[in-house]
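Some notes on the structure that comes next.
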Amino acid sequence: MVNARDVVLGRVREALAAAPPRPVEIPRDYRRERGLSDQRRLDMVVDRLTEYGAGVYRCRAEETATTVAAALSDARRIVVPPGLDRSWLAEFSGSVEVDSGEFSVRALDEVDGVLTSSAVTCAETGTVFLDASSDQGRRALTLVPDLHVCVVELSSVVAGIPEAVAELEPTRPITMISGPSATSDIELDRVEGVHGPRTLRVVVRVDR
Amino acid sequence: MSRAFLGLPGPPPRAPRDTGYLRGQRPFPSAAHAALEDSQQRRNLGKATGTIRDKRARMVEEVPDWERLRSAGAAIKADALARLPELLERFESAVTERGGVVHWARDAVEANEIVTRLVADRGADEVLKVKSMATQEIGLNEHLAAEGISAVETDLAELIVQLGGDRPSHILVPAIHRNRAEIRDIFLREMPGVDPDLDDDPRSLAEQARKYLRAKFMDARVAVSGANFGIADTGTLSVVESEGNGRMCLTMPETLVTVMGIEKLVPSFADLEVFLQLLPRSSTGERMNPYTSMWTGVTAGDGPREFHLVLLDNGRSATLADGVGREALRCIRCSACLNVCPVYERTGGKAYGSTYPGPIGAVLTPQLAGMHETRDDPNASLPYASSLCGACYDVCPVKIDIPSLLVELRHQHVERSRYTAEAAMMRAASLAMSSATRFTKAQRASRLGRVLGGSDGRITALPPPFAAWTSARDLPVPPRETFREWWESEQGRAAMARARREAERGEW
Ligand code: SF4
């Protein structure tokens with residue numbers, strides 16, 4: 001018996017044979033490497049994140065712990081991925097649990113927030129990329145709790161989407177976040193906070 | 001023309017007639033007529049399309065290399081289609097290497113069977129769904145229901161449509177035909193555990209949906225998703241969304257089943273750098289949509305333990321077999337062409353009778369599911385559901401020349417429906433339109449070729465042989481001055497004279 005795979009592939013081959021396509025040159029003359037200064041990238045990413053309704057905190061490396069504590073001020077119990085730099089939490093007065101794979105999603109639903117690092121950020125679109133590294137954690141961790149505080153290094157902020165995509169390891173689970181979840185499904189009125197975290201706060205470290 | 005399959009067993013088959021949503025109940029003009037009477041819907045649609053249109057224009061404006069991105073996007077998709085067999089095989093092995101299981105479905109019937117079996121084998125009687133046009137196209141929810149499995153739509157708009165027992169009216173905002181009061185009523189009537197004091201503030205309605213679905217996400221066993229892009233080199237899949245229901249469906253269940261049309265492939269991961277710029281700006285008019293997820297097979301300790309990918313043909317290879325029409329397979333479903341279409345703006349999506357409405361629907365639906373020779377096949381009326389104003393081409397992020405494809409389909413339809421009185425008229429229209437397109441190409445879709453003229457949503461008398469054809473129809477269309485100019489031009493007169501001569505000779 002012919003299987004569906006061979007049938008579909010056979011049809012596709014016949015379809016192309018019936019009207020052979022011309023070979024295609026892909027023009028890659030769009031902007032791919034933009035060397036924007038630190039200040040330009042910082043201004044741009046802060047502007048975009050603010051426009052999306054995310055909280056933005058700027059700090060120098062030595063101010064990380066106090067800034068993180070401020071960003072987490074309304075959370076009592078948070079969860080962090082196993083590889084997170086714990087010194088960031090030195091000033092946080094609430095309780096901190098480290099995600100072990102055993103943390104059930106219901107337990108995640110009980111905590112007030114999550115603190116993570118990030119992989120790369122695109123300034124032009126205000127997009128933070130998470131790649132599930134040990135300082136960012138598995139995907140459920142940054143999805144279920146209602147508050148996500150995310151630390152971004154200015155050195156990992158790139159100008160455009162092509163530069164950001166080039167930094168990614170494709171086979172890791174990747175989540176791109178541009179502001180808190182939102183819907184415009186009812187009369188096009190924007191409502192923030194549907195299923196993802198309703199509050200997103202980004203701590204941008206301007207040096208390291 | 002490219003319909004010769006010499007030495008081959010015959011053209012690939014179209015999507016099956018009685019499974020899924022690729023054909024309406026009645027031809028476009030009469031369906032459109034009903035929609036035109038619904039003034040509430042017309043107002044909602046007008047507001048929605050106008051708002052998204054403006055946002056899109058602003059977002060595109062600020063990108064200096066937009067045209068270069070469009071050219072790259074069009075070329076990447078054309079290249080992928082030209083190399084589809086090779087890319088599909090590469091994609092299959094990449095997904096398999098990363099622990100995914102790949103299934104192939106010749107058509108809607110087979111895809112429905114595969115998904116249903118996967119769900120039933122896991123002992124689940126409920127699946128969560130994230131907005132997927134492919135599963136809507138194949139009528140998956142209905143098939144699952146017949147097998148005792150309930151499919152819960154998790155996108156807010158889809159949920160509203162589903163609870164309201166309705167069909168979507170827009171690709172991007174499927175519930176745009178419902179206002180807040182109607183949505184509140186639907187929730188109160190249909191949502192289990194709804195708060196009886198629910199008010200109609202969009203915030204409250206969204207919160208109610210969050211509560212209702214959150215419990216389901218926590219216990220999810222199987223979710224079914226679509227995919228915006230599949231990356232041939234790496235086996236990576238991607239879902240672009242706003243609400244987080246996509247992330248929930250892709251992360252929380254034990255088993256994830258993704259149904260993807262074979263045309264969604266792009267060759268390399270780096271190609272996303274183009275589409276992640278083109279899609280959000282064209283679609284919602286945002287610099288970036290709130291969430292995009294990418295995953296490759298399964299990842300230990302993160303997300304579903306099992307991943308199944310169903311690769312769907314369902315008329316796509318038949319579409320690919322047409323050297324002209326295949327261009328429609330480049331579509332990334334952004335819905336920009338809907339929002340600029342003067343016909344769509346007035347009739348709404350349901351009049352097209354298909355999962356794919358608007359300009360892209362008018363070219364894709366008849367190709368996926370075929371146009372039958374009978375004069376009343378609704379799909380045969382779709383290529384005429386356009387004034388060929390060219391706005392859809394101008395906004396399309398992958399540069400699909402929809403007006404020319406419509407003309408080509410009109411021509412094909414006429415070729416096949418010889419010997420009927422209507423065919424005679426359509427053929428004349430088609431001939432005129434072909435010349436019109438050549439002319440249009442020179443002038444790049446100026447407002448020409450409005451065969452279905454009229455200025456206020458009503459057909460006015462046209463010169464023969466159109467008169468008989470148009471008088472039976474009542475299509476909303478923009479003014480036709482420019483068509484008249486063409487009509488009165490030498491070229492227009494020559495085309496019509498030719499058409500009449502052929503008619504007299506009985507050649508059609
Ligand atoms: S045809 Fe072009 S504009 Fe229309 S939905 Fe598809 S990609 Fe978007």
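Return yes or no: is B:ALA227 open to solvent by less than 10 Å² (accessible area, probe 1.4 Å) and touching a Leu at 6+ places or on another chain (Cβ under 6 Å)?
When the stated conditions are applied, B:ALA227 does not pass them.
Could you grab me the full set of residues in segment B:254-282 that are open to solvent by less than 10 Å² (accessible area, probe 1.4 Å) and among the hydroxyl-bearing types (Ser, Thr, Tyr)?
Within segment B:254-282, B:THR255, B:THR258, B:SER282 meet the criteria.
Just need a number here: residues in segment B:190-220 that are away from chain A (no Cβ under 12 Å) and either touching a residue at least 24 places away in the same chain (Cβ under 8 Å) or at positive phi (or both).
Final tally of qualifying residues: 3.
Tell me whether segment B:287-306 contains one or more residues that are within 16 Å of the ligand (Cβ to nearest atom), over 17 Å from the mean Cα position of the chain (by Cα), within 14 Å of chain A (Cβ to nearest Cβ) and outside any strand (DSSP E or B).
Checked against the condition, which is being within 16 Å of the ligand (Cβ to nearest atom), over 17 Å from the mean Cα position of the chain (by Cα), within 14 Å of chain A (Cβ to nearest Cβ) and outside any strand (DSSP E or B), segment B:287-306 yields at least one hit.
What's the total number of residues in segment B:382-398 that are within 13 Å of B:VAL363 (Cβ to Cβ) and more than 8 Å from the ligand (Cβ to nearest atom)?
Of the residues in that region, 7 qualify.
Residues are listed down the side, and each one gets a yes or a no for (1) under 30 Å from B:ARG68 (Cβ atoms); (2) touching a residue at least 12 places away in the same chain (Cβ under 8 Å):
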position	(1), (2)
A:SER118	yes, yes
A:CYS122	yes, yes
A:VAL128	yes, yes
A:ARG139	no, yes
A:VAL151	no, yes
A:LEU154	yes, yes
A:ASP185	no, no
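Among residues belonging to segment B:161-177 that are touching a helix residue (DSSP H, G or I) at 6+ places or on another chain (Cβ under 6 Å) and more than 16 Å from the ligand (Cβ to nearest atom), point out the one that is nearest to B:VAL343 (Cα to Cα).
B:HIS177
Step by step: first the residues of segment A:119-151, then only those that are open to solvent by 20 Å² or more (accessible area, probe 1.4 Å) and of a type outside the set (Gly, Ala, Ser), then the one that is modelled with the lowest pLDDT. Which residue is that?
A:ASP146
If you take the residues in segment B:330-355 that are on the phi > 0 side of the Ramachandran plot and not charged (D, E, K, R), which one is farthest from the ligand (Cβ to nearest atom)?
Across segment B:330-355, the extreme among qualifying residues is B:GLY353.
Please enumerate the residues belonging to segment A:152-172 that are in contact with a Gly (Cβ under 8 Å, 6 or more places away or on another chain) and open to solvent by 10 Å² or more (accessible area, probe 1.4 Å).
Residue satisfying the conditions is A:THR171 alone.
Identify the single condition in (1) more than 30 Å from A:ALA18 (Cα to Cα); (2) facing chain A (nearest Cβ under 7 Å); (3) away from the ligand (no atom under 16 Å from the Cβ) that B:LEU276 does not satisfy, given that it satisfies every other one.
(3)
When you check B:ALA336 against the structure, is it touching a Lys or Arg at 6+ places or on another chain (Cβ under 7 Å), of a type in the set (A, V, I, L, M), more than 8 Å from chain A (Cβ to nearest Cβ) and buried (at least 23 other Cβ atoms within 10 Å of the Cβ), yes or no?
Criteria met by B:ALA336.
Of A:VAL152, A:VAL203, which residue is under 30 Å from B:SER268 (Cβ atoms) and part of a strand (DSSP E or B)?
So the residue among A:VAL152, A:VAL203 that is under 30 Å from B:SER268 (Cβ atoms) and part of a strand (DSSP E or B) is A:VAL152.
List the number of the failed condition for B:GLU327; all other conditions in (1) open to solvent by 10 Å² or more (accessible area, probe 1.4 Å); (2) within 15 Å of the ligand (Cβ to nearest atom); (3) more than 17 Å from the chain's Cα centre (by Cα) hold.
B:GLU327 satisfies every listed condition except (3).
Condition check ((1) open to solvent by less than 10 Å² (accessible area, probe 1.4 Å); (2) within 11 Å of another protein chain (Cβ to nearest Cβ)) across all residues:
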| position | (1), (2) |
| --- | --- |
| B:THR19 | no, no |
| B:GLU37 | no, no |
| B:PHE91 | yes, no |
| B:ASP107 | no, yes |
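With A:THR199, A:THR116 as the choices, which residue is open to solvent by 40 Å² or more (accessible area, probe 1.4 Å) and away from chain B (no Cβ under 11 Å)?
Exactly one residue qualifies, and that residue is A:THR199.
Taking the condition in contact (Cβ under 8 Å) with a residue 24 or more places away in the chain, within 10 Å of chain A (Cβ to nearest Cβ) and closer than 25 Å to B:LYS399 by Cα, does B:LEU69 pass?
yes
From the list A:THR116, A:THR64, which one is hydroxyl-bearing (Ser, Thr, Tyr) and in contact with a Phe, Trp or Tyr (Cβ under 6 Å, 6 or more places away or on another chain)?
A:THR64
For segment A:125-163, what are the residues that are under 14 Å from the mean Cα position of the chain (by Cα) and within 8 Å of chain B (Cβ to nearest Cβ)?
A:THR125, A:GLY126, A:THR127, A:ALA132, A:ARG138, A:ARG139, A:ALA140, A:LEU143, A:ILE161
Would you call A:ARG58 basic (Lys, Arg), within 11 Å of chain B (Cβ to nearest Cβ) and either under 24 Å from the mean Cα position of the chain (by Cα) or open to solvent by 50 Å² or more (accessible area, probe 1.4 Å) (or both)?
no
Check A:PRO20 against each of (1) part of a strand (DSSP E or B); (2) surrounded by fewer than 16 Cβ atoms within 10 Å (Cβ to Cβ) and name the one condition it does not meet.
(1)
Just checking, does segment B:302-314 include any residue being at pLDDT below 95 and on the phi > 0 side of the Ramachandran plot?
Within segment B:302-314, none of the residues are at pLDDT below 95 and on the phi > 0 side of the Ramachandran plot.
The values are calculated or read from the model by the stated rules, or taken from the named source; none is laboratory data. Every value quoted in this text rests on a predicted model; they were computed, and no experiment measured them. For neighbour counting, all protein chains shown are included, and Cβ atoms are generated from backbone atoms with ideal geometry for every residue, glycine included. Calculation scope for accessible area: heavy atoms of the full protein, side chains included, ligands and nucleic acids excluded. Shrake-Rupley method; radii C 1.70, N 1.55, O 1.52, S 1.80 Å.
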